[in-house]
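J.: I have a structure I would like to understand better, so I am pasting it below and will then ask my questions one at a time.
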Amino acid sequence: MLVLGLESTCDESGACLLEAPRNLLANVVRSQVPSHSVFGGVVPEVASRLHLQYLAGALEEALKLSNRKIQEVDCIAASNRPGLLGGLLVGTTLGKSLAYSLGKPFIAVDHLLGHLLAADLDGDMHYPCVAGIFSGAHSNVYIGQSPLDWKLLARTRDDAPGEAFDKVARILGLPYPGGPSIQKSAENGDENAYDFPIPLPPSLEGDFSFSGLKTSVLYQVRGQAGKTAAAEGAYPDLAASFQRAAVEGLVKRMLQAAEEESVKAIYVGGGVAANKKLREELTHRAESMGIRAVFPTFAFCMDNAAMIAGAGAKLAEAGRFSSLNEDVATGSVLGM
Ligand code: KG4
Ligand code: ZN
C-alpha cells in the first residue's frame, strides 16, 4: 500500500511517500524554524501562510525523489488534529482535494497517533507498552495494547517539556528552539550546581507540572525571592541543572508507569525525545529494570510526514478511512 502523508500541525511542512509498513521512499520536511525564531516562538498566522507556500512544493519533491506518480498512491493521510488550525486547514484541504480528484481514500490522522507509532517506522513495536510523547505541546504518557488502542496515564497541568525548554532558553538568552540550545549550553555546565524541583508531584504519580521548575530558573536569573541574580557565567550551570530536573521528571514517570503496568517496552516520541540526556538516562535506567526503552530515529522524533503516513497505514488496514467532511481540531482524540 503506497501512502502519501502530509504534516502541517505546527511549524514543519512535511510530505512523504511510504510503501507501508516501512519502506520510506521519500520524506521531505520543510522547516519553518528560521522564520519563527526571530519571534522566539511559533507565530500561528506566519505558520499558516508558510504551509501554504511550502506544502505543495514538499509534495512535488517527495514524488520526484521517490520516482512515483501521484496516480500510484493508494491513499492519502493528513494530520487533522491537534495543532494550529490554519496549518491543519492547509494540509487537510490539500489531502482531501487530492483524494477527491484521484478517487482515492482520505485518512485524517491524529498527530499524536503519529508520534506514538513513529518507532514502528524503524521496526515492529512490542505490546503492551508504555509510550511518552514529549514535545513543544504535549507531555503525555500512555499505555498501549495495540497500534490503535492507547489509554492516557499522565499529562501536563501547564507547560509541555519542549515549551519549558523553549521558555527557559529565552530566560537564559539562548536561541529558539530551546531544546537543542539548552542541551548545547548544558554541555559546559554542572548539572548539580542548582537543585531545581523535578516536574512531578512528590508522590511521583499523576500529572506533570513544569511551572515550578521554570519559575525556579527565572528566580535564579532575576534574583527574585531573596536570591542574588546569577552571573552570566553561571548560565551553563543553570541550563544543565534545568535539563537534569526536566529529564529526571520524565524518566521517573515513564519508569513508574512501566512498572505499574508490568510492561517490558517503553517508547518515546516528540521533539524532546531528541534530547541526549533523556535518551541516555532512560535507556540506562530502564535496562537495569529489564525494560527496553526505544527512541525513534532522530528524523521521526521531530514533526514529520512519515509518522503520519505510518499511522495512516494502520488506520487504513483497520478500514478506518475518513469522510471528506472530516473537520480539523485543536485538540487530540488521544487526550488533550
Ligand atoms: O515534536 P516537535 O517537533 O513539535 C511539536 O509537536 O511540538 O517538538 C518541538 C519541541 C520544541 O519545543 C523543542 O525545543 C523541543 O521539541 N526539542 C528538544 C530537543 N530538540 C527539540 N527538547 C529538548 N532537547 C532537545 N534536544
Ligand atoms: Zn509533534
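J.: Per 5 Å bin, what percent of the C-alpha pairs of segment 244-336 does each bin hold, from zero upward?
T.: In order of increasing distance, the bins hold 2, 11, 17, 19, 18, 15, 9, 6, 3, 0 percent.
J.: Quick one: order 98, 117 by neighbouring beta-carbon count within 10 Å, fewest to most.
T.: Lowest to highest Cβ neighbour count: 98, 117.
J.: Give the Rg (one decimal place) followed by the Dmax (whole number) of segment 214-272, computed from C-alpha coordinates and expressed in Å.
T.: 16.2, 46
J.: According to the Kirkwood expression over distinct Cα-Cα pairs, how big is the hydrodynamic radius of segment 13-65, in Å? Write out the running numbers ahead of the final one.
T.: Values: mean 1/r = 0.0834 Å⁻¹.
Final number for the Kirkwood radius of segment 13-65 is 12.0 Å.
J.: When Lys and Arg each count +1 and Asp and Glu each count -1, what net charge do the other residues less than 11 Å away from residue 86, Cβ to Cβ, add up to?
T.: So the environment of residue 86 carries a net charge of 0.
J.: To continue, here is another question. So if we plug the beta-carbon distance of residue 317 and residue 224 into 1/(1 + (r/R0)^6) with R0 = 35 Å, what FRET efficiency do we get, rounded to 0.05?
T.: So, using R0 = 35 Å, E works out to roughly 0.05.
J.: Next question, about the same structure. Any chance you could list the semi-axes, whole Å, largest first, of the equivalent ellipsoid that the Cα gyration tensor gives for segment 57-146, using √(5λ)?
T.: Semi-axes from the Cα gyration tensor: 27, 17, 12 Å.
J.: Where Rh is the Kirkwood radius over the Cα pairs of segment 1-127, the temperature 20 °C and the viscosity 1.002 mPa s, what D in µm²/s does Stokes-Einstein return?
T.: 145 µm²/s
J.: If you don't mind, another one. Mind telling me which of 228, 93, 215 comes out most flexible in a GNM of the chain, alpha-carbon contacts under 10 Å?
T.: 228
J.: Also, I was wondering about something else. Given a Förster radius of 56 Å and the C-beta distance between residue 53 and residue 262 as r, what FRET efficiency does 1/(1 + (r/R0)^6) yield to the nearest 0.05?
T.: Working from the Cβ atoms, E equals 0.70.
J.: What does the charge count near residue 174 come to, summing +1 for each Lys or Arg and -1 for each Asp or Glu among other residues with Cβ under 10 Å from its Cβ?
T.: Summing Lys and Arg as +1 and Asp and Glu as -1 gives +1.
J.: Sequence neighbours fewer than 8 away in the same chain don't count; with that in mind, list the aspartates and glutamates whose C-alpha is under 12 Å from residue 167.
T.: Of all the aspartates and glutamates, those that pass the test against residue 167 - Cα under 12 Å, at least 8 places apart if same chain - are 159.
J.: Express in nm, to one decimal, how much length is gained between residue 37 and residue 288 on full extension, taking 0.36 nm for each residue of separation and deducting their alpha carbon distance.
T.: 86.4 nm
J.: Mark the label point 7 Å from the Cα of residue 69 along Cα→Cβ and return the residues of segment 96-123 whose backbone N is within less than 19 Å of it.
T.: 98-105, by backbone N distance to the label point.
J.: Share of Cα-Cα pairs in the chain beyond 25 Å, in percent? Present the calculation step by step, with values, prior to reporting the outcome.
T.: Details: 28475 of 56280 pairs.
I get 51 percent for the Cα pairs in the chain exceeding 25 Å.
J.: Count the DSSP beta bridges whose two residues both fall in the chain, then state the antiparallel fraction as a percent rounded to the nearest 5.
T.: Working: 26 of 43 bridges.
Bridges in the chain are about 60 percent antiparallel.
J.: Please give the Cα centre distance for segment 251-283 versus segment 58-119, rounded to the nearest Å.
T.: Comparing the Cα centres of segment 251-283 and segment 58-119, I get a distance of 29 Å.
J.: Among 35, 135, 13, what is the fewest-to-most ranking by other Cβ atoms within 10 Å? Don't jump to the answer; show the numbers that get you there.
T.: Working: 35 15, 135 25, 13 29.
Ranked by crowding around the Cβ, least crowded first: 35, 135, 13.
J.: Might you report the magnitude of the Cβ-based charge dipole of the chain about its Cα centre, with Lys and Arg at +1 and Asp and Glu at -1, to the nearest 20 debye?
T.: Around 320 debye, computed over the chain.
J.: Here's another thing I want to ask about it. Neighbour counts of other C-beta atoms within 10 Å: give me 153, 17 arranged from fewest to most.
T.: The most exposed by this proxy come first: 153, 17.
J.: Let me ask something additional. Under a 10 Å cutoff between Cα atoms, tell me which one of 70, 291, 266 has the largest fluctuation in the Gaussian network model of the chain.
T.: 70
FYI, it's all coordinate maths here, none of it is from the lab. What you are looking at is a predicted structure, and each value in this text was computed from that prediction instead of being measured. No Cβ is skipped: glycine too gets one built from the backbone with ideal geometry, and neighbour counts run over all protein chains shown.
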